[in-house]
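Structure first, then comments.
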Amino acid sequence: MQILVFSDNRGINKPFAKLIKSKDITVHFFSPSEIKKTLKNTEHGSILYVDVSDMSTGERTKTMKYLAKLENYRYGIIDRKNVIHDIAELFHNNACDYMGKELLKEEIAPKRIKTIETYREILLPEEEQNPAISNYILSGNNWNAIKTGQEYTFCMMFIELDNQKGLMKSMGASHIQQTIASFRKYLEKYFSPLQGQIWMWMDFGGLILFPFDAEKCDAILASFRMILNRHIICIEEIDINTELSFKIALNIGNTVYRKRGDTGNIISDSINSIFHLGQKYTPPGNFYLTREVFEYAPAGLKKMFLDAGEYEGREILRMRLPE
């Protein structure tokens with residue numbers, strides 16, 4: 001179960017402490033101004049808690065009308081200042097919970113959430129199939145069933161070090177080769193538990209394949225963490241003082257699989273596309289992915305990606321980099 005809390009109050013996480021610790025519940029916090037934007041990328045069936053305490057009368061009325069029309073989510077109201085006088089009216093307008101000033105002094109129990117789940121029926125629309133799925137030749141979630149010479153759908157990652165001329169100039173030929181070898185060794189170790197295999201390698205980067213089952217794409221979160229942890233990777237894994245920058249691009253595509261080193265004669269539009277996206281469209285230090293991959297991102301991570309335009313007929317998103 002996913003719970004989305006919309007509040008600008010810094011202490012609002014305290015009543016949700018037990019739920020945050022629960023294994024069966026995930027809790028995310030947003031500003032009330034982000035409700036509509038957040039719901040665009042939120043799975044149906046989630047529970048929303050909206051803090052109306054600091055809203056003007058007009059804002060509160062407008063927000064209540066919007067919430068009352070939601071058919072695919074259950075919602076509750078947070079009222080830290082007891083500004084709502086007719087609580088019953090909330091439930092007449094499809095609310096499933098109300099938490100006033102006194103109740104917010106306590107921690108919410110998971111049992112309360114289970115009660116809310118059965119309080120009101122909501123519409124869960126039939127799952128719409130991604131049109132691309134009809135072209136998928138699923139390779140599974142590991143390499144056990146993948147055979148040489150057959151075509152499969154993979155999650156494809158392009159990754160490459162930036163500022164190559166600058167690195168050559170500052171490090172020298174021998175040192176840069178050692179650095180690249182350490183970088184590649186780190187990638188193998190980092191992505192191996194996720195079934196990622198380096199499939200093609202050029203001078204400063206290459207293509208990593210991940211088996212794909214149309215259920216999840218672990219490469220998304222792993223790539224996100226790599227961008228955030230760049231400084232730590234350089235110090236702990238590659239053991240250099242120079243700050244390395246790299247770019248990452250992700251797509252889902254089909255290709256005939258052959259063993260590494262025997263890929264020279266493979267012709268694949270998907271391989272061409274991921275190289276074009278990585279080399280020609282993704283700026284240094286960035287993480288770009290196609291809309292097709294983005295659909296498999298964890299719900300809580302989706303808000304961390306922004307529109308990056310269209311490239312070669314595909315909608316592209318980019319990771320929101322830390323400031």
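Any read-out appearing in this document is the output of simple, stated calculations on the displayed coordinates, not a laboratory observation. Being a predicted model, the structure only gives us computed values, none of them experimental. Methodologically, a virtual Cβ is constructed for each residue, glycine included, from the backbone with ideal geometry; neighbour enumeration extends over all protein chains shown.
About its Cα centre, the dipole of the chain is roughly 600 debye, where the only charges are +1 on Lys and Arg Cβ and -1 on Asp and Glu Cβ.
Considered as an equivalent ellipsoid built on the Cα gyration tensor, region 15-89 has semi-axes of 21, 16, 12 Å, the largest given first.
Subtracting the Cα-Cα distance of N82 and K111 from 0.36 nm times their residue separation leaves 8.0 nm of extension gain. Between L321 and L221, the simple spin-label model (points 7 angstrom out along Cα→Cβ) gives 2.5 nm.
Could you compute the net charge surrounding E107? Neighbours are other residues with a C-beta less than 11 Å from the C-beta of E107; K and R count +1, D and E count -1. Present the calculation step by step, with values, prior to reporting the outcome.
On the way: positive: K14, K18, K21, K105, R112; negative: E106.
With Lys, Arg at +1 and Asp, Glu at -1, the net is +4.
Between the amide H of V5 and those of H28, F29, F30, Y49, distances stay under 5 Å, these residues lying 5 or more places away or on another chain, with hydrogens modeled in the peptide plane. Here is the list for region 136-223: trypsin sites (Lys or Arg not before Pro) lying in DSSP coil, each with at most 10 other C-beta atoms within 10 angstrom of its C-beta, are K147. Once you treat every alpha carbon in region 131-319 as an equal point and sum by Debye, what is log10 I(q)/I(0) at q = 0.15, 0.17, 0.18 Å⁻¹? Calculated log10 I(q)/I(0) at the listed q: -0.89, -1.15, -1.28. Among residues other than I316 with Cβ under 10 Å from its Cβ, the summed charge is -1 (Lys and Arg +1, Asp and Glu -1). With Cα atoms defining each centre, region 265-292 and region 51-116 are spaced 45 Å apart in the structure. With θ taken as phi - 60° and the Karplus curve 6.51 cos²θ - 1.76 cosθ + 1.60 applied, the whole-hertz 3J(HN,Hα) list for region 196-212 is x, 10, 5, 10, 10, 9, 9, 6, 10, x, x, 10, 10, 9, 10, x, 10 Hz, x standing for glycine and proline. Counting beta carbons within 10 Å around each of S192, S22 and listing the fewest first gives the order S192, S22. Looking at region 220-255, the GluC sites (Glu not before Pro) that sit in a DSSP loop and have at most 15 other Cβ atoms within 10 Å of their own Cβ are E243. For the chain, the longest principal axis of the alpha carbon atoms and the long axis of helix 173-191 meet at an angle near 40°. Which whole-angstrom value gives the distance between the alpha carbon centres of region 294-323 and region 134-165? Cα centroid to Cα centroid, the span is 20 Å. One decimal place: the segment N135-R184 gains 14.5 nm when fully extended, by the rule 0.36 nm per residue minus the C-alpha distance.
Treating each Cα of the chain as an identical point scatterer and summing with the Debye formula, the log10 of I(q)/I(0) at q = 0.12, 0.15 Å⁻¹ comes to -0.91, -1.16.
Pairs to check: K105/K303; K65/K216; K69/K101. Give those whose C-alpha atoms are more than 28 Å from each other in this structure. Beyond 28 Å between Cα atoms: K105/K303; K65/K216. Database remark: amide H of W199 closer than 5 angstrom to the amide H of L207, I208, L209 (H placed geometrically; neighbours at sequence offset of 5 or more, or on other chains; Pro and chain starts carry no H).
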